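Novice: Can you read through this structure? Questions will come right after.
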Amino acid sequence: MRSYPELRPVRWDALAVLAVLALAAASALLLWRAPAETGAVTAVISADGEERERIDLTALSPTTITVESRGYTLHVLLSEEEVRVTESDCPTQDCVHTGAIHGSGQSIVCLPARVTVRLEGGAPADGPDLVIG
Ligand SMILES: [Zn+2]
């Protein structure tokens with residue numbers, strides 16, 4: 001009575017379920033690990049709508065980059081901790097007054113020079129929000 005031949009297909013089903021579960025777990029693990037592996041924040045400096053520089057901030061010691069656009073010159077200080085426009089000869093000085101940015105998605109814009117400094121990748125500025133369940 002216990003050895004029904006119909007039990008065999010059931011075992012195969014169980015194997016299939018296990019395989020699907022393993023796949024799901026693997027992909028979930030991949031998805032979950034992805035943010036940690038692409039944790040590097042990249043500063044993207046654009047001028048006049050064109051990308052000029054793309055700098056990985058990981059372990060970057062403070063570096064100043066000069067960006068010239070529309071007759072204006074901006075000095076952008078980049079380091080692992082923050083990015084800021086330290087000096088600019090633009091009339092509004094908004095880019096300088098913006099101060100330091102340090103999180104992905106943040107940006108500094110200089111309207112007169114049409115320069116943008118944008119941070120991409122890594123964790124969002126409000127990092128802890130990522131920890132959900
Ligand atoms: Zn400016």
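The values are calculated or read from the model by the stated rules, or taken from the named source; none is laboratory data. Because the structure is a prediction, the values reported are computed rather than measured. Ideal geometry is used to build each Cβ from the backbone, glycine not excepted, and the neighbour counts take in all protein chains shown.
Novice: Within the stretch 69-100, can you find the residues that are more than 10 Å from Ala43 (Cα to Cα) and part of a strand (DSSP E or B)?
Specialist: Ser69, Tyr72, Thr73, Leu74, His75, Val76, Leu77, Arg84, Val85, Thr86, Glu87, Ser88
Novice: Being assigned to a loop (DSSP other than H, G, I, E, B) and in contact (Cβ under 8 Å) with a residue 24 or more places away in the chain is the filter here; which residues of the stretch 103-121 pass it?
Specialist: Gly103, Pro112, Ala113, Arg114, Gly121
Novice: Limited to the stretch 82-104, what total is found for residues that are at pLDDT 95 or above and more than 18 Å from Thr63 (Cα to Cα)?
Specialist: Qualifying residue count, the stretch 82-104: 8.
Novice: Exactly one of (1) part of a loop (DSSP other than H, G, I, E, B); (2) closer than 14 Å to Val117 by Cβ is unmet by Ala59. Its number?
Specialist: (2)
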